[in-house]
Amino acid sequence: MQNIKLTNLSLVGQAYEELKRIILEHRVPLGGKLNEGELAAALGISRTPVREAINRLEKEGLVQIFPQRGAFVVRFSEKDVFELFLIRENLEGLAARLAAQRINEGDLAKLESCIRGFEEPFVERDVQRYAKEDFKFHQTVVALSDAQRLTKLIATLHDQIRIFRLTTLGLSTRMKTSLADHRLLIEAFRRKDSEEAEQRMRGHIRNVRDGVMENIKFFLKDEEENRTERRRSGNGRIHLPTR
C-alpha cells in the first residue's frame, strides 16, 4: 500500500469545507463559475487540493463540471426542485418511521426544544431562527433513525436543498403550518406510532414542497436577475467569509 500524504489530505479537506460553505452561504450565485486560481489564492494553497475539493462537491451534486469550460455552482430548474422534495419525502419518511421505534423522553425533549424556537409571533427577523431550528429538528429525527447510510443520503440531499434560497413570500402562513406539522409529528413519536410518524413526516415535507413550488418562479427570476447584475458589474470575484 502506498504512503498516504496526510498534509495533502488535510488541505483537500480544508478546501472542501471552505468551498462548500461559500456555496451554501450563496457567496457564489447559482450557475456561478468556480475559478480554481482565484480560490487557491484566496485560501493560500495550490490549485491541486482546490481541484480535488471541487471534484468531491460535484459528486455531492453541488457543482457541475463542463469539459473546456470549468466548474460551476449547480443551477436548479423547477423540475429539479420538485424532484429533490419528492426524494426528501421518501427518505425522511423512512427516517421518521425508524426514529419512532427508538425514541425516548430525552429525545422528545430535544424535539420540543426545537419547535419552541419558532413559535409565534412570526416576524421578518424570525426567518433565520426558524430555518435554524427547523433544520435542527429534522437533523435530530434523522439521527434518531440510527441508520448510517440513510443519514448520509439525507445529509447530501439537505445540502442540495439549502443551496437555493427559499422566497419569503407567504412566510408567516408557512411557519404556522410547519409548527402545526411538527407538533403532530411529536405526538406520533410520543405514542411510538411508526406508521403515523412516517405519514406525518411525509405530509409535512409535501406542505413544504407545495409552499416552495408556489413561489419558485419568483425565486428563479430573482436568481437570474442577480446573476445578470453580477455579470454587468463585473462583481464575480469570490470573497471568502470569515468565521
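The values are calculated or read from the model by the stated rules, or taken from the named source; none is laboratory data. Because the structure is predicted, anything quoted here is derived from the model rather than measured. Positions of Cβ are generated from backbone atoms using ideal geometry, with glycine treated the same way; all protein chains shown enter the neighbour counts.
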Could you tell me which of the residues Val73, Val50, Val81 is more than 30 Å from Leu185 (Cβ to Cβ) and within 16 Å of the chain's Cα centre (by Cα)?
-> Val73
For Asp146, the lone unmet condition from (1) in the same structural domain as Ile186 (by TED's automatic domain parsing); (2) modelled with pLDDT of 95 or more; (3) assigned to a helix (DSSP H, G or I) is (3)
Test set (1) at pLDDT 90 or above; (2) surrounded by fewer than 18 Cβ atoms within 10 Å (Cβ to Cβ); (3) in the same structural domain as Glu195 (by TED's automatic domain parsing) - Glu119 fails condition number = (1)
From Glu18, Glu89, which residue is of a type in the set (Asp, Glu) and within 15 Å of Ile161 (Cα to Cα)?
-> Glu89
Selected residue (criterion: modelled with the lowest pLDDT) from residues of the stretch 173-222 that are over 21 Å from His158 (Cβ atoms) and of a type in the set (A, V, I, L, M) = Ala180
When you look at Glu229, is it modelled with pLDDT of 55 or more, exposed (fewer than 15 other Cβ atoms within 10 Å of the Cβ) and touching a Gly at 6+ places or on another chain (Cβ under 8 Å), yes or no?
-> no
Tell me, which helices (runs of 4 or more DSSP H) wholly within the stretch 1-111 include 3 or more residues that are touching a residue at least 40 places away in the same chain (Cβ under 8 Å) and either buried (at least 19 other Cβ atoms within 10 Å of the Cβ) or aromatic (Phe, Trp, Tyr) (or both)?
-> 6-24, 47-59, 78-100
